[in-house]
Each structure stands twice: as structure tokens, then as C-alpha cells.
Amino acid sequence: RDYGREEASGDADAERSNGNAALELGRFEEAEAHFRQAVAFYEMRDDRRGMAECLRQLGGISRRRGELVQAQSWYQQALELYRRDSNSVGMAEVLRQLGAVETNRGDLRRAEPLYQEALELYRRDSNSAGMAEVLRQLGEVAKNTGGLEKAEAMYREALALEENEDNRSGIGEILRQLGAIAKLRGNDQESDHWLRRLHEIDRPENDVPE
């Protein structure tokens, strides 16, 4: 079949939409097939952004399966396309996901610079949600490589961002981490402080203390 650019465009969008729908239902093999076909169609119309978005989704599917080498390959291809378009939002997301691949491998020292680059891009774009997420990941890296003071600083900055957005689940996770860090540092009083705060946000709103 001889595809024109407009026809390829429509088919690419349809395949991408079908891929997203399959992904929502957990049908990963089906989603992968749709995203692969979408990449081919987007390439025909020289749509780098469309290609990058689908490559990123393919990276996520491979990562879920534990296929970390393949996931890294998909993410690197997406990153190159985002860089060519100076798409800082896409670059930051893929860098964070590449950091997560290295974290999954247990190579935290290789993960850290990827997270740091993502953080710089999120800061430049004033993306609070992205900053909070990657600060938590950097906090985890620091905590697991012995940098407890650095980890605490990362989590405190993330906490301020999550509190500003009133993200209760994010706040709760950070409070748990801060409590654990204080415990590791031998500061039981501070650990209790963070855990009391965690208890307060976990308490139902209508559970008013007497």
C-alpha cells in the first residue's frame, strides 16, 4: 500500500490512540504492536514528536516487563528526538525514566546524573510536579548511597512542593522517608515528629481528636 503523508498521519494517530487504550487495559503486547506501527507512520510524515511519544511508551512497556536493555534503547531514541526539537518537557520525562531504569538495575551512581539533568529541566520550566517527583528519586538515591544529609535536603524540598500542591499521597510518602532518615541518623525525636505528621494526614478528616 502506497501511503501519502496525510494518510500516514491519520493512521499514526489512530495506532497511537489504540496503543494508549490497550495500555490502559494492561494489554501490553497489543499496545506494543500499535506503538511500533505508529512510530513507522510518524516517521513517514517526519513527525519527530509523535515518534518520540510512542518510543517513550514502548520504553515503559519494556521496563514493566523487566527488559531493561530494550527499555533503555527505546528511551534513548526518544531522548534524541526530543533533543533535536529542544523539547525540554519530553527530555526531562525521558531522562527521569532513564534514571529509573538505572535504579531498577541497582546502578544508583549512574541514575543520579540522569535525575539531576531532569531536575534542571523541570526547574527551568517551573514544573512543580516533575520537580517533586525527581527530588524524591534523588532523595532515594542519596539515602541508599549513604548521603543521609543530602537525602533529607532533597525530601524537604520535595515536601514543600507537594504541600503547595496539596498532594496528600506524595506528602505521606515523603514524611515516611524523612522519618526513616531521622531514625538512621539516630534522631528518634525527629523521627517521631515526622511520623506524627504522617499520622495526622492519614487520619480521616472527620476524625477530630477529643
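Scanning segment 120-159 for residues that are free of Cβ contacts under 8 Å to residues at least 24 places away in the same chain, farther than 21 Å from Leu175 by Cα and outside any loop (DSSP other than H, G, I, E, B) gives Glu120, Arg123. Scanning segment 60-80 for residues that are touching a Phe, Trp or Tyr at 6+ places or on another chain (Cβ under 7 Å) and open to solvent by less than 40 Å² (accessible area, probe 1.4 Å) yields Ile61, Ser62. The selection criterion, being within 12 Å of the chain's Cα centre (by Cα), small (Gly, Ala, Ser) and surrounded by fewer than 23 Cβ atoms within 10 Å (Cβ to Cβ), does not hold for Ala118.
Which one of Glu149, Glu133, Glu173 is closer than 26 Å to Pro113 by Cβ, within 16 Å of the chain's Cα centre (by Cα) and surrounded by fewer than 18 Cβ atoms within 10 Å (Cβ to Cβ)?
Glu173
Would you mind finding the one in Arg110, Arg83, Arg105 that is closer than 20 Å to Gly60 by Cβ, in contact with a Leu (Cβ under 7 Å, 6 or more places away or on another chain) and surrounded by fewer than 18 Cβ atoms within 10 Å (Cβ to Cβ)?
Values: Arg110 fails: in contact with a Leu (Cβ under 7 Å, 6 or more places away or on another chain); Arg83 fails: in contact with a Leu (Cβ under 7 Å, 6 or more places away or on another chain).
On inspection, the qualifying residue turns out to be Arg105.
The values are calculated or read from the model by the stated rules, or taken from the named source; none is laboratory data. Worth saying up front: this structure is predicted, and the values here are computed from it rather than measured. Note that each Cβ is placed from the backbone with ideal geometry, even for glycine, and that neighbours are counted across all protein chains shown. Accessible surface is based on the protein model in full, side chains and every heavy atom, while ligands, DNA and RNA are left aside. Shrake-Rupley method; radii C 1.70, N 1.55, O 1.52, S 1.80 Å.
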